[in-house]
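Take a look at the structure below.
The values are calculated or read from the model by the stated rules, or taken from the named source; none is laboratory data. Values in this document were obtained by computation on a predicted structure and should not be read as measured data. Cβ placement follows ideal geometry from the backbone for every residue including glycine, while neighbour counts extend to all protein chains displayed.
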Amino acid sequence: MITTSNLTKKYGGTQVLSIASLEIPKGQSFGLVGNNGAGKTTYFSLLLDLIKPSTGFINSNGVQVSTSEDWKSFTSSFIDESFLIGYLTPEEYFYFVGELRGQNKADVNKVLLQFKDFFHDEILGKRKYLRDLSKGNQKKVGIVAALIGNPEVVILDEPFANLDPTTQIRLKSIIKDIAETQGVTVLISSHDLLHITDVCERIVVLEKGEIIKDLETNTETLKELEAHFAN
Amino acid sequence: MLKLFLGLEWKSFFRSASFGKTLGLKIIMGFFALYFIVMFLSLGISAFFILKETYPNQEPLFVVNSYLFYWFLGDLVVRFFFQKLPVMSVKPLLTLPIKRHKIVNYVLWKSTVAFFNFLPLFAVIPFGLTLIFNGYPAGNVIIWMLALLLLTLIVNFLNFIIESLSAQSELSALPIVVICSVLFGLDYFQILSISNLFGRAFYAIYESPIFIVVPILVLGVLYRINFKMLCQKLFLDSGLKTRVEEVKSSNLEWTNYFGDMAPFMQLDLKLIWRNKRTKSSVWMLVLGLFYGLFFYTNEKYINAPWMYIFIGVFSTGSFLINFGQFIPAWDSTYYKLLMSQNIKYEKYLKSKFTLMALSVIILFVLGIPYVYFGWKILLAHFASAIYNIGVNTHVMLYGGSYNRKKIDLNQKAAFNYQGTGAMQWLIGIPLLVVPMVVFGLLYYFLNFEYACAIIAGLGVVGIVLHDKLLGIITSKYLKSKYEMIHAFEQDN
């Protein structure tokens, strides 16, 4: 599904990312961990063609992301608050994103209904602009908007940060569900080793821009990761 | 402490992403400043002799004093629009061991080091020196000069009070305009001769320097008020507890007529209605629409048909100019979303184009009553409307691909130069100057009708080539995509 080859990103003289080869099959829930500056957000930004690769390329579903725009129709993402439009209400934002992805209001409402629990009655029908919501609630809106329109690839950067415990647990089951039952390729990054081992089938550890571990998740993975980061 | 604050500002200026462009703007401003300095300096040097000649029976000092009230009003209005309280990003400092009053005092003191406060000195000092050379008592003149400096500072701090009080309202310029017109009116119609009062007060200070304590006291009080107001704003919760706006939704179904551009047009309309800065630029539309009245009621301009095209382009294109110059910076806060969503750049640009073209048509229709001043005006406006649609929209979109400055939508609009770079000045050339020159030449060598026809013809060519032009513009945007994303992430 997503093939990365010879990808590097340099700023000035310093190399911040270097991935010789990485293959993410369809329907995999893929986790990216690493300390600050390891290159997680850089990789996601390259996947979304928000920055230009220094060398190499990413191929998503047969589309090279830096040369064609066709990947946009099956990819959705939430990286940070700059993905929100502050002067819209949550509903308007969902409908806007829905319309861009070819979904009418009824389709969007159907999706939103599934997330009624997740929203905890703080998002919909409140007649508030997104800019007036709290950080956590803004994040919820961003994450749900990324799930509208049956995307085949979903990219979430640090989805668990800023969320309350209840929502974190709900989010985990949502991510598992879309990867397992709907065959969606989910890419997430996190600093929370417990959550990410819970959710992801595969975990890649980045350090200084390079892949240093590539693990199938099993019962030992959490311990292995903890041991790795303790040193 | 002072050194620390100054160091921070130095860094924020030189390390900002748009540094090169700010510098360009600063240089232009520098030239303006130089121009005013020279003007004031020559005024200050020559005033004594000019006044001696025009009012041979009166003391020049007395005459100057009687005009001080107008100076005060003018200064206040000009400052309201052009001078802002120095901005300092204060949030990171609040948790550090710095006393709040130190931050406030620093900001207020810094505001006194403004160009507006130095400018009058260029006139006052040479004038005062000529007085002393002409035998006026030096001590008294110096006190009088000091009084004028105090007056300048009073205006300085009064302005900040007025600004912060009126910043909340939408038509923020209304209070100051009303107050100043009322004061001026009272004086002009001799109901209350404030200018006389002002003059006598300053003469009193000149004659008995003890009265200098009055302006000093006034200044002290104003400083204190400013200090209190700023201190209140310095708490984080005034930032956190901002008034939550109730949503006003309106029916935008009619945009569905435009098919797949509809979501973008709805977004743009909401953008315009729901943000302070864009909303107040709607008022500029009204101004633009009535712009022609200033000219067409004037004998001098009604007989100069080459002016028609300028007014035509300006009044039918006032939305185009206001809105268009900041494409795509209006969307800068969520630009990453637009770049990763399922959007074709071309559609995004086309919706902006449609919105601008629609506005031109609407403004032209609203401007039809100008036919009262002659059918030629209507014809010229029609030609310029077509030129606006065919040429200027594309020019605006093309210019937008050079935009590298983020816009914070929540700030007030009138005379807000955030997001303004050299491009906004340069774009004025093809926008206004080219049609004027072309029209002027054609009018001179051929006649009015041909000139109109050719201006309109240029517009038609633009409309015919629309798809092709949009393609070129789109590829230009695609080329600068990464740069724009990077620049819009920067706060300065």
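Numbers for the structure displayed
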| read-out | value |
| --- | --- |
| Residue check for B:THR316: closer than 30 Å to B:PHE448 by Cα, modelled with pLDDT of 85 or more and among the polar types (S, T, N, Q) | yes |
| Flag for A:GLY62 being more than 9 Å from chain B (Cβ to nearest Cβ) and crowded, with 22+ Cβ neighbours inside 10 Å | no |
| Filtered residues of region A:124-177 (kept if within 11 Å of chain B (Cβ to nearest Cβ), under 15 Å from the mean Cα position of the chain (by Cα) and in a helix (DSSP H, G or I)) | A:GLY142, A:ALA145 |
| Test for B:LEU267: is it in a helix (DSSP H, G or I), within 30 Å of A:ARG131 (Cα to Cα) and either free of Cβ contacts under 8 Å to residues at least 12 places away in the same chain or not assigned by TED's automatic domain parsing to the domain that holds B:THR474 (or both) | yes |
| Residue that is surrounded by the fewest Cβ atoms within 10 Å (Cβ to Cβ), among those in region A:20-59 that are charged (D, E, K, R) and not in a strand (DSSP E or B) | A:LYS26 |
| Looking only at region A:37-59, and only at residues there that are among the polar types (S, T, N, Q) and closer than 25 Å to A:VAL141 by Cα, the one that is nearest to the other protein chains (Cβ to nearest Cβ) | A:SER45 |
| Helices (runs of 4 or more DSSP H) wholly inside region B:293-394 containing at least 1 residues that are away from chain A (no Cβ under 14 Å) and free of Cβ contacts under 8 Å to residues at least 40 places away in the same chain | B:299-302, B:306-316, B:345-366, B:375-387 |
| Any chance B:ILE361 is buried (at least 21 other Cβ atoms within 10 Å of the Cβ) and of a type outside the set (Gly, Ala, Ser) | no |
| Condition check for A:SER82: within 14 Å of chain B (Cβ to nearest Cβ), in contact with a Pro (Cβ under 7 Å, 6 or more places away or on another chain) and either surrounded by fewer than 21 Cβ atoms within 10 Å (Cβ to Cβ) or assigned to a loop (DSSP other than H, G, I, E, B) (or both) | no |
| Some residue of region B:158-167 being among the acidic types (Asp, Glu) and in a helix (DSSP H, G or I) | yes |
| All positions within region B:283-322 that are basic (Lys, Arg) and buried (at least 18 other Cβ atoms within 10 Å of the Cβ) | none |
| Meets criteria (surrounded by fewer than 17 Cβ atoms within 10 Å (Cβ to Cβ) and in a helix (DSSP H, G or I)) for B:GLY135 | no |
| Matching residues in region A:98-120 - criterion: being more than 20 Å from A:GLY136 (Cβ to Cβ), more than 14 Å from chain B (Cβ to nearest Cβ) and among the hydrophobic types (A, V, I, L, M, F, W, C) | A:ALA106, A:VAL111, A:LEU113 |
| B:GLU170 surrounded by fewer than 17 Cβ atoms within 10 Å (Cβ to Cβ) and either modelled with pLDDT under 85 or part of a loop (DSSP other than H, G, I, E, B) (or both) | yes |
| Residue match in region A:142-153 (condition: touching a Pro at 6+ places or on another chain (Cβ under 8 Å) and surrounded by 15 or more Cβ atoms within 10 Å (Cβ to Cβ)) | yes |
| Positions within region A:7-66 being among the polar types (S, T, N, Q) and farther than 22 Å from B:LEU337 by Cα, in sequence order | A:THR8, A:THR14, A:GLN15, A:SER18, A:SER21, A:GLN28, A:SER29, A:ASN35, A:ASN36, A:SER54, A:THR55 |
